[in-house]
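Enquirer: Have a look at the structure that comes next, please.
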Amino acid sequence: MLTQGLKRRTSSLLTVMGLGIVLPLATGITPAHAQGAQLEVGKTGGSFVRGGAGQYTVTVSNTGTEQWTAPASVSDILPTGLTPVSVTASDPAQWACGLDAGGFTCDSQGPLPAPSNYTFTFNVSVAADAPCTVTNEALIRSGASIVDSVQVTTTIPGGTCGGGGGNGGNGGGGSLLPINLNGIFTMFNNISTNNNINSPGGGNATTQHFTKTTN
């Protein structure tokens, strides 16, 4: 009788332990090794000119060890002074892209393999009165959650911002008085500069030759 009771208790204990191992898998708990997908977003800015155009390059990468199976969308939010013109995905079959008033959004059409990398070329127009520097942000989302984001600050030359001529002080320069005075005034050639001005005890040993020229 004692032996049979011990067997029954042992059998019950093993049953409980087995349920403790099986139940988490049966209730949908994901093992740690299945969480190897990792999405990252990057961004670079090109040459921008006030009253002209500019271009951003946005990248989305799965740097993990497993494919990303959840929904994914990448978007770019433009600051004041920039207007979206076009967006092109490196893999149009994988991403459905569209423009909106604030930038662009591209939605993934299926799982993203690991590893994988996608590029989005984003062309914008730059207002003539755009700020001298602008900062905008690219985001990668899964549903309502932000997975990753990146900000880029770009300098826009031209006008009062400098770097493009205009009023920025970086123009080509030139003479303040581009007037030919030849024949109007008597000019003197070969005038040597006195290098000893304000030098106590110094003497000027340079011979100066004055030549009168007439028209």
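Residues checked against (1) crowded, with 16+ Cβ neighbours inside 10 Å; (2) modelled with pLDDT of 95 or more:
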residue: V22; (1), (2): no, no
residue: S61; (1), (2): yes, yes
residue: P71; (1), (2): no, yes
residue: S75; (1), (2): yes, yes
residue: T80; (1), (2): no, no
residue: V85; (1), (2): no, yes
residue: C97; (1), (2): yes, yes
residue: A101; (1), (2): no, no
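Enquirer: If you go through segment 134-160 one residue at a time, how many are of a type in the set (V, I, T), modelled with pLDDT of 95 or more and more than 11 Å from the chain's Cα centre (by Cα)?
Expert: 3
Enquirer: A follow-up question, please. So how many residues does segment 43-56 have that are exposed (fewer than 15 other Cβ atoms within 10 Å of the Cβ) and polar (S, T, N, Q)?
Expert: Here the count works out to 2.
The values are calculated or read from the model by the stated rules, or taken from the named source; none is laboratory data. As the structure is a prediction and not an experimental result, all values here were calculated from the model. Because the Cβ atoms are built from the backbone with ideal geometry, glycine has one as well, and the counts that use them run over all protein chains shown.
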